[in-house]
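The values are calculated or read from the model by the stated rules, or taken from the named source; none is laboratory data. Nothing here was measured: the structure is a model prediction, and the numbers come from that model. Please note: Cβ atoms are built from the backbone with ideal geometry, for glycine as well, and neighbour counts cover all protein chains shown.
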Amino acid sequence: MDIKFDETKDYCTCWFESMYGVPIKECCHLHDRRYANKRIMKHQADLLLFRCVRRKANVLVASTMYLGVTLFGDEYYKEAQRENM
């Protein structure tokens with residue numbers, strides 16, 4: 001798992017790197033790091049993603065992303081957890 005933010009990487013898997021000209025890539029990077037952290041539960045990481053995106057973009061974008069990671073993020077979470085055993 002990349003600890004350092006790399007502008008060239010795609011952290012927002014299956015999503016846009018920015019919304020309405022507002023970059024949210026850093027929120028996705030933090031979300032990826034939290035998925036890999038064994039001390040953070042999936043629902044906590046997802047809620048923190050929601051808060052970050054809401055702060056940078058808006059509540060509609062944040063809610064849509066939150067719904068997506070809540071419904072479809074289980075395998076990504078499990079994979080990140082396995083990689084950091």
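Of the residues making up the range 1-31, those that are among the hydroxyl-bearing types (Ser, Thr, Tyr) and in a loop (DSSP other than H, G, I, E, B) are Thr8, Tyr11, Thr13, Tyr20.
If the condition is being farther than 18 Å from Asn84 by Cβ and among the polar types (S, T, N, Q), then the range 17-46 contributes only Ser18.
Does Val61 fit the bill of being hydrophobic (A, V, I, L, M, F, W, C), in contact with a strand residue (DSSP E or B) (Cβ under 6 Å, 6 or more places away or on another chain) and in a helix (DSSP H, G or I)? So Val61 fits the description; yes. Scanning the range 32-45 for residues that are farther than 20 Å from Lys9 by Cα, among the charged types (D, E, K, R) and in a helix (DSSP H, G or I) returns a single hit, Lys42.
The C-beta contact set for the range 65-85 (first residue farther than 14 Å from Met41 by Cα and free of Cβ contacts under 8 Å to residues at least 60 places away in the same chain, second residue of a type outside the set (A, V, I, L, M) and surrounded by fewer than 16 Cβ atoms within 10 Å (Cβ to Cβ), distance under 9 angstrom, 6+ apart or interchain) comprises Gly68/Cys14; Phe72/Cys14; Met85/Lys38.
Could you please give the count of residues in the range 53-64 that are surrounded by 19 or more Cβ atoms within 10 Å (Cβ to Cβ) and modelled with pLDDT of 95 or more?
Going residue by residue through the range 53-64, those that are surrounded by 19 or more Cβ atoms within 10 Å (Cβ to Cβ) are 53, 57, 61-62.
The next check asks that each one be modelled with pLDDT of 95 or more; those that pass are 53, 62.
Looking only at that region, the number is 2.
Taking the range 17-44 as the range and being surrounded by 15 or more Cβ atoms within 10 Å (Cβ to Cβ) and closer than 16 Å to Ser63 by Cβ as the test, the residues that pass are Met19, Ile24, Cys27, Cys28, His31.
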